[in-house]
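Derivation of every value follows stated rules applied to the coordinates shown; laboratory data play no part. Computed from a predicted model, the values in this text were never measured in an experiment. Ideal geometry is used to build each Cβ from the backbone, glycine not excepted, and the neighbour counts take in all protein chains shown.
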Amino acid sequence: MTPAPIPTYHYPISISPGDIDHMGHVNNAVYLQWVQEAVVSYWEHGSTLEAREQMLWVALKHEISYRMPVFLNDHVEAQVTATGTHGSRASFTTLFKRGDDLATEVRSSWCCVDVTTRRPRRISPDIANIFLPQ
């Protein structure tokens, strides 16, 4: 059974003291970890067990636009949206929001990989339709 489409996935972010840099805000490198966690959680939440047993995702590229700093006690949420697929590649936009304010925007490209061969695997229409509803 194919899950219902989830166009935008909301993922809560936990900020720990180790995420804070010498300037008193979340270190820029921490956002890469958060993107990884949020996109993988999106995949795990939306996909079938069968799909998760057959496919893995590898990040290819991230473009990060920082709009405002985030601090230790801020409440932050990642909002992940799939924006397209082509062959074995999928693109996502992840917005990190502090309340209603956009703190950071990340556009990323990922490659679908076969779990056994570790080689790129074409994204089938049934998988794409889970994340990119028509």
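Condition test on residue 72, is it in a loop (DSSP other than H, G, I, E, B) and either in contact with a Pro (Cβ under 7 Å, 6 or more places away or on another chain) or within 24 Å of residue 132 (Cα to Cα) (or both)? The answer is yes for residue 72. All conditions but one from (1) closer than 28 Å to residue 17 by Cα; (2) in a loop (DSSP other than H, G, I, E, B) apply to residue 107; the one that does not is (2).
Of all residues in the range 7-44, which are assigned to a helix (DSSP H, G or I) and aromatic (Phe, Trp, Tyr)? Those that are assigned to a helix (DSSP H, G or I) and aromatic (Phe, Trp, Tyr): 31, 34, 42, 43.
For the range 90-109, give me the residue count where each residue is farther than 29 Å from residue 71 by Cβ and buried (at least 18 other Cβ atoms within 10 Å of the Cβ). Spell out how you get there, then give the answer.
Quick first cut of the range 90-109, residues farther than 29 Å from residue 71 by Cβ only: 90-91, 109.
Going one step further and asking which of them are buried (at least 18 other Cβ atoms within 10 Å of the Cβ), we end up with 90.
Selection size over the range 90-109: 1.
Counting only residues that are in contact (Cβ under 8 Å) with a residue 24 or more places away in the chain and assigned to a loop (DSSP other than H, G, I, E, B), the range 75-104 holds 4 of them. For the range 92-114, the set of residues classified as within 21 Å of residue 55 (Cβ to Cβ) and either out of contact with any strand residue (DSSP E or B) (no Cβ under 9 Å at 6 or more places or on another chain) or not hydroxyl-bearing (Ser, Thr, Tyr) (or both) consists of 92, 110, 111, 112, 113, 114, listed by residue number.
Within the range 24-40, the only residue that satisfies the criterion of being touching a residue at least 40 places away in the same chain (Cβ under 8 Å) and surrounded by fewer than 12 Cβ atoms within 10 Å (Cβ to Cβ) is 24. If you go through the range 51-69 and pick out every residue that is assigned to a loop (DSSP other than H, G, I, E, B) and either within 16 Å of residue 130 (Cβ to Cβ) or of a type outside the set (A, V, I, L, M, F, W, C) (or both), you end up with 2. Only residues that are part of a strand (DSSP E or B) and touching a Leu at 6+ places or on another chain (Cβ under 9 Å) were counted in the range 110-124, giving 5. Inclusion of residue 18 among residues that are touching a residue at least 12 places away in the same chain (Cβ under 8 Å) and either small (Gly, Ala, Ser) or under 24 Å from residue 117 (Cβ atoms) (or both) is not warranted.
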